[in-house]
Amino acid sequence: LSSSLADIAYLRSVLPSTTEDAFFDYLATLDTSEVTISAVPEGSVVFAGVPFLQVKGPLLVVQLLETMLLCLVNYASLVATNASRFRLLAGPHVKLMEMGLRRAQGPDGALSASRYSYIGGFDFTSNILAGKLYGIPVRGTIAHSFIMSFTSPVEVQPRELLPLSGGEPVDFPALAELWLPRVCELLQTPLEKTNRGELAAFMSYAITFPCDFQGLLDTYCVRRSGLPNFCAVALALNQLGYRAIGVRLDSGDLAQQSKEIRQVLRACSAHFQVPWFETIPIAVSNDISEQSLEEFRQEGSEIDMIGVGTHLVTCPLQPSLGCVYKLVEVNGSPCLKLTEDEEKMTIPGTKTIYRLYDAAGHPFTDLMALEEEPSPSAGQALVVRVLGKLGETSKVVPTTVELLHRTYFRDGQVCEPLPSLMEVRNHAQASLSLLSPAHRRLHDPQPYPVAMTEKLYHLLVELQEASQ
């Protein structure tokens, strides 16, 4: 945090003319050397009511940090959470590709969405810049416009393709043309119904990327054209030693079509004696939502990869995250924001946060304690007050106790090595896997208890009574 002369001049122009010069002089000397920031490690699961970031320092400085910190954590947490929900619904074996660049809130929002989708569990991004900047694996497919730009195999240039093992170049379009009638006969589809432009597009793509050929099947008609054209080109590639890497669907009943496509791939595999053909991955896109993934699972689809855009990066189920930044202590004196809504009431004092685990290794309660309180111990019974039920006590016995916060910034310097993106992603997935199924399920999850110690509770009551 620093203030340039230009920044100060601008503030002078918009603040009331009665603002004292000493204020602007102070801004010129502003720095973060007295600020300390502690937080849960990036990628950690955090529950509502738990302070996941604590900032200590001169009041004016930490007030100036509020908007910036909330901007940095709110959208990031929202997208990572949304991505983790998609990952839980898809299961561990289906690949997920983030492809929301066209619908994201500007280029900055798009880059953030790519990064935090990856942390949340997505495998790939279609955002090439995110791949360059962050090292996220990139994936993409043929565009409809590419396929529509061809009208006939006559347009395919170059035409020759070398076999993978070497040898004389082969007229690849001619070879694919020989395979197409055989495929149509097997699939019992009319040869004349296949789109010649689509076939040419597949041929051209295969010649350019013989080791990475994939087909977008629904530009015209999947069953009558896209699928037979793809199979003919893929089988021609196989004859030269290459393997197609996948197909994509972008419209219609994706689950049902995936099953029909798998049947065709298996039929080609058996009939033409090409064993790998039946395992060609099937990818889908087209406004995929959480509901879409639930339907895929219920219908028993054959989908191997899912591309998600709008419903991932814009988070329509919850467009914003309600993280807040509240003052809890001034000059060593705890302070309290009073409200009739208990959920919005602040918890006073500088606190230490612990996560309590049961014998199965699942976290079962997060505990807030005053900073000066001794740490709870494994196997030691604790009397706590759960948020939402502060009028009654509960007794818990943790098997393991974890200190959640770590200090990352002190004396103007980052004081803890920051993890790589892959380390954050792995930590996020490990954190989610530790949750009990009752807390992890997406529909009607069991509420996760967040509690406070008796000492913190009595401080809260004392401040409440003093304010009445």
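State all residues of the stretch 435-456 that are outside any loop (DSSP other than H, G, I, E, B) and either charged (D, E, K, R) or open to solvent by 40 Å² or more (accessible area, probe 1.4 Å) (or both); if no residue qualifies, say none.
In the first step, residues of the stretch 435-456 are kept if they are outside any loop (DSSP other than H, G, I, E, B); the result is 437-440, 450-456.
Passing the criteria: 437, 440, 454, 455.
Among residues that are touching an Asp or Glu at 6+ places or on another chain (Cβ under 8 Å) and either within 30 Å of residue 450 (Cβ to Cβ) or not in a strand (DSSP E or B) (or both), residue 38 is not included.
The sole residue among 44, 38 that is closer than 24 Å to residue 322 by Cβ and in contact with a helix residue (DSSP H, G or I) (Cβ under 9 Å, 6 or more places away or on another chain) is 44.
Among residues of the stretch 357-374 that are more than 19 Å from residue 438 (Cα to Cα) and at pLDDT 95 or above, those with a Cβ under 9 angstrom from a residue that is of a type in the set (S, T, N, Q) and open to solvent by 50 Å² or more (accessible area, probe 1.4 Å), sequence gap 6+ or separate chain, pair up as 369/375. Of the listed requirements (1) on the phi > 0 side of the Ramachandran plot; (2) crowded, with 24+ Cβ neighbours inside 10 Å, residue 233 misses just one: (1).
Of the helices (runs of 4 or more DSSP H) entirely within the stretch 89-186, those holding at least 2 residues that are aliphatic (A, V, I, L, M) and open to solvent by 60 Å² or more (accessible area, probe 1.4 Å) occupy 128-134. In a residue-by-residue description of the stretch 393-414, the property of being more than 30 Å from residue 30 (Cα to Cα), in contact with a helix residue (DSSP H, G or I) (Cβ under 9 Å, 6 or more places away or on another chain) and open to solvent by less than 40 Å² (accessible area, probe 1.4 Å) applies to no position.
Within the stretch 71-89, can one find any residue that is in the same structural domain as residue 293 (by the TED database) and among the basic types (Lys, Arg)? Checked against the condition, which is being in the same structural domain as residue 293 (by the TED database) and among the basic types (Lys, Arg), the stretch 71-89 yields at least one hit. I'd like to know if the stretch 20-34 contains one or more residues that are part of a loop (DSSP other than H, G, I, E, B), over 18 Å from residue 322 (Cα atoms), touching a helix residue (DSSP H, G or I) at 6+ places or on another chain (Cβ under 8 Å) and at pLDDT 95 or above. For the stretch 20-34, residues part of a loop (DSSP other than H, G, I, E, B), over 18 Å from residue 322 (Cα atoms), touching a helix residue (DSSP H, G or I) at 6+ places or on another chain (Cβ under 8 Å) and at pLDDT 95 or above: absent. Here residue 355 meets the list (1) in contact with a strand residue (DSSP E or B) (Cβ under 8 Å, 6 or more places away or on another chain); (2) outside any loop (DSSP other than H, G, I, E, B); (3) within 30 Å of residue 245 (Cβ to Cβ) almost entirely, failing just condition (3).
Against the list (1) open to solvent by 30 Å² or more (accessible area, probe 1.4 Å); (2) closer than 26 Å to residue 166 by Cβ; (3) not in a helix (DSSP H, G or I), the condition residue 210 fails is (1).
Within the stretch 457-466, does at least one residue satisfy the condition of being open to solvent by 60 Å² or more (accessible area, probe 1.4 Å) and in contact (Cβ under 8 Å) with a residue 40 or more places away in the chain?
No, every residue in the stretch 457-466 fails to be open to solvent by 60 Å² or more (accessible area, probe 1.4 Å) and in contact (Cβ under 8 Å) with a residue 40 or more places away in the chain.
For the stretch 359-400, a residue qualifies if it is under 13 Å from residue 453 (Cβ atoms), of a type in the set (Val, Ile, Thr) and not in a loop (DSSP other than H, G, I, E, B), and the qualifying residues are 365, 383, 384, 386, 396.
Annotation: of all residues in the stretch 349-392 being over 18 Å from residue 447 (Cβ atoms), among the aliphatic types (A, V, I, L, M) and out of contact with any Pro (no Cβ under 8 Å at 6 or more places or on another chain), the one that is surrounded by the most Cβ atoms within 10 Å (Cβ to Cβ) is 370.
The values are calculated or read from the model by the stated rules, or taken from the named source; none is laboratory data. Note that the structure is predicted; figures quoted are calculated from it, not measured. Neighbour counts are summed over all protein chains in view; Cβ atoms, including those assigned to glycine, are modelled from backbone coordinates with ideal geometry. SASA here: full protein model, heavy atoms, side chains in, ligands and nucleic acids out. Shrake-Rupley method; radii C 1.70, N 1.55, O 1.52, S 1.80 Å.
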